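Laboratory data are not the source of any read-out in this text; all were calculated from the coordinates shown. Computed from a predicted model, the values in this text were never measured in an experiment. No Cβ is skipped: glycine too gets one built from the backbone with ideal geometry, and neighbour counts run over all protein chains shown.
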Amino acid sequence: MTIEVGDTLPDIEVTLPDGTLRKLGDVADGRALVVYFYPRDDTSGCTREAQAFTAMLPEFAETGVGVIGISKDSPADHQKFAAKHDLTVPLATDADGAVCEAFGVWVEKNMYGKKHMGIERATFLFDAKGVAQRVWRKVKVPGHVEQVLAAARAL
């Protein structure tokens, strides 16, 4: 399965850093929502992306848009990652991979000639009704958060 423009936000749960389970629709809480997927806590690209979302979080809030980052890292790893880099962007865990599968971001990757499965860096923008308005796949970090914010402001 994969999420494309026009699809609805899946009714699926993620684990928050405090260990609680929340459905993505509850995280949205009636607002538009940015859901971004990243491969792993505390790697260079993932750190830069989380820092960029953290820096722009007030602008997203002013626009009425929530943001959540998702990886397969544990809640404890998310807590350490957030504390180490002063991150305020909410991070969630997809321990069993169900969320990654629902969004179509669990893909075969090729690194140094070796193939393995992993999370594709991708971002999804849902409007307040839970309908996907924009999808970014194979995201390059520089300038990406600014693009997402511009799209969020255009909702």
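Annotations for the structure displayed:
- Unsatisfied cross-links (Cα-Cα over 30 Å) in the set Lys23/Lys114; Lys109/Lys129; Lys23/Lys84; Lys23/Lys80: Lys23/Lys114; Lys109/Lys129
- Quotient of C-alpha Rg and 2.2 N^0.38 Å, computed over the stretch 1-82: 1.11
- In sequence order, calculated HN-Hα J values of the stretch 61-69 (Karplus, 6.51, -1.76, 1.60; Hz; x Gly/Pro): 4, 4, 7, x, 10, x, 9, 9, x
- Pairs of Cα atoms farther than 13 Å apart, the stretch 46-89, %: 54
- Among Cys46, Phe60, Met1 the positive-end extreme of the charge dipole of the chain (Cβ point charges): Cys46
- Rounded, prolate or oblate (a/c below 1.5 giving rounded, otherwise prolate when a/b exceeds b/c) for the chain by Cα gyration tensor: rounded
- A cut-off under 12 angstrom between Cβ atoms defines the neighbours of Ala28, and their net charge, with Lys, Arg +1 and Asp, Glu -1, is 0.
- Estimated from the Cβ-Cβ distance and a Förster radius of 41 angstrom, the FRET efficiency linking Lys109 and Val131 is about 0.90.
- Residue-by-residue Karplus 3J(HN,Hα) for the stretch 85-99, coefficients 6.51, -1.76, 1.60, Hz, glycine and proline x: 10, 6, 8, 10, 5, x, 10, 9, 10, 10, 4, 8, x, 5, 5
- Antiparallel DSSP beta bridges within the chain, as percent of all bridges there, nearest 5: 70
- Approximate spin-label separation Ile12-Thr63, in nm, with each point projected 7 Å along Cα-to-Cβ: 2.4
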